[in-house]
1. State the Cα centre-to-centre distance between segment A:101-151 and segment A:169-205 in whole Å.
2. Counting pairs of alpha carbon atoms under 8 Å apart in space and at least six apart in sequence, what relative contact order in percent does segment A:271-380 give?
3. Which order do peptides A:300-312, A:133-145 fall in by mean Cβ count within 10 Å, highest first?
4. Tilt of helix B:53-73 relative to the longest C-alpha principal axis of chain B, in degrees (0 to 90, nearest 10)?
5. Label points 7 Å out from Cα along the Cβ direction at A:V331 and B:S146: separation in nm?
6. Which FRET efficiency value, to the nearest 0.05, do you get for B:I82 and B:R26 by plugging their Cβ-Cβ distance into 1/(1 + (r/R0)^6) with R0 = 56 Å?
7. How shielded is B:122-129 by partner chains, expressed as the average number of their Cβ atoms within 10 Å of its Cβ atoms?
8. Expressed as an acute angle from 0 to 90° and rounded to the nearest 10, what is the orientation of the C-alpha long axis of helix B:152-161 relative to the principal long axis of chain B?
Amino acid sequence: MAEVLQEVWIRGGKTPARVTQDVCAPIERGPTSLWYAAFTVSVAGLLVGLAASTYTVFTGIGTWGLNRTVGWAFDITNFVFWIGIGHAGTLISAILFLFRQKWRTSVNRAAEAMTLIAVMCAGIFPILHMGRPWFAYWVFPYPNTRGSLWVSFASPLLWDVFAISTYFIISAVFWYIGLIPDLATLRDRAQTATKRRVFGFLSLGWTGSARVWSHYEKVYLLLAGLAAPLVVSVHTIVSFDFATSVIPGWHATIFPPYFVAGAIFSGMSMVLTLMIVARKVMGLRDYITDRHVDVMCRIILAVSCMVGLAYASEYFIARYGGNPYERFVFVNRQLGPMAWAYWTMVSCNVLTPQLFWFPSLRRKIGLVFAASLVINVGMWFERFVIIVTSLHRDFLPSSWASYAPTAIEVTTFAGTFGLFFTLFLLFCRFLPAIAMAEVKGILQPDAHGRRVPS
Amino acid sequence: MNRILFAASFESQDDLLAAVGEVRRRGCTIRDAYVPYPVHGLDEAMGIAPSRMGWACFLFGMPALIAALSFQAWVAAVDWPINIGGKPFLFWQAFIPVGFEFTVLCAGLGTVATFLVITGLRPGRRRDVPDMGATNDRFVLVLVKSGTAFDESEVLSALRECRVVETREFLEGAA
């Protein structure tokens, strides 16, 4: 009976040696012309963004489309967008690890890399918004000659500083710890002295000792246990940036779970976008199978319903709550000058994922890929709707304003995509995109009939 | 005086587990086993005590929590209290997010640092046993040969029962 229930996630009857070979092949055979093409486009995007942010730093944030009424717009939208993308990596690597989901082994490495890079992209926006980014270190509490004048621990913006820097550091450590056994594999396969030296240095002298593995597994479990509440706290705190204010449309207790669900939703669709491309380009279809795509679609569908429920309850409370300003914001979102953004959000995030109810549609990879892109767009608009439509029609009609991004803002955002894909392509080129040691561990049924952490 | 070690490699985790049982029954000293992924049941078979890394996590996390909460309290209520509409200086609820994040940061980094110190893994460290494919697909058992109850012919026949594929002898620390 146990054999019947045994799930097979890796196709093609792989042996451990074959896993090593398949995963190392894209790294060892060198970049293809497709890789060079993608890399060139990404670096070009990165350079454009670099130029735009340099111009912003030297000129000031007057180069952006912000005004007195709409003080937060494109930059904070992009910040929340990228942070949200990052959350799926930690969901897959930590939360699914704690839930013993074996399928995560095929996607966790790439998803964690995605997390790290997305958090870097996110960090750029608040730093640029400071206007004087060379004073960015002022956000940390350190003894200084101004008093010491401390940062305000009552401010969610400061909590954000702690949350995001902790998130970045812990994600980086988690990712690196996961990489060590695979770096040792690369070291032992290295053909050139340079590679042997570099991978030898990075793999910390890993030999696969059972005594070390025993500690390693415990450390991995502990880091997963720390990262799981961390990821929830990070987006909760991001939502506090809005929820603790008194702006109608922001001041809502639903925000923390709503934001966390949205983050996982957007991140999962970004993982899907990247994995569908990676498995095709890198020839990893036996590892990232249609079943992997299928389970990710199901997660997206579930989280989409949560997000839809959040939209609905937010709207219901605004209508039912009796606060005229709150009610006005929600009517204005749906029927006001930026209604197009609201309806884009609803159709991308709530309606599109409903396709995933049908198993036959979950198997159409082209359709899934298109849907994942649509969801990414929709989740960007969600943040835009929350931020801009809540602000642009103030309490006083005399202060009403509109907002449109300038070319500088758009190119800065494009630049973060350049950064994202540049780093992700470098990752795929130089490091194993699939956690080899973890995949090897799920190849055969456990001889002891126990559930094993994958 | 470096010990002489005896290494045997296997093609599957079950062969390794069987071999571990066999050599322990014969009173051999196992130095270590080298495997491409954590093999379940190997810790028990080799008699490796469960890792106590959880304590490291706790011992780094707890002081961090106390430090973060007390520092925030000191800043808000002692060093530079600010009267905002008569609200309490010790607004402790607001200390929770930073307290939590700092705890996670210190517990995570502390656990990893402890792991690196205990296992001796460090950048640039060389491997201390010859490469017999344990980072690829082999399961390697390393026994201590010198100065222990090691009857070579008996051990070899036991290992052959467990489908050993390669054996090798080397000096400890001379990889």
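1. 25 Å
2. Working: 76 pairs, mean separation 37.6, N = 110.
About 34 percent, as a whole number.
3. Details: A:300-312: 18.9, A:133-145: 11.5.
Highest mean packing first, the order is A:300-312, A:133-145.
4. Relative to chain B, helix B:53-73 is tipped by roughly 10 degrees.
5. Between A:V331 and B:S146, the simple spin-label model gives 9.1 nm.
6. Values: r = 74 Å, r/R0 = 1.32.
Working from the Cβ atoms, E equals 0.15.
7. Details: counts 3, 6, 7, 7, 3, 10, 3, 3.
The per-residue average across the peptide is 5.
8. 80 degrees
Bear in mind these aren't lab numbers, they're just calculated from the coordinates by the rules spelled out. Note that the structure is a prediction, hence the values are computed from the model and not measured. Neighbour counts are summed over all protein chains in view; Cβ atoms, including those assigned to glycine, are modelled from backbone coordinates with ideal geometry.
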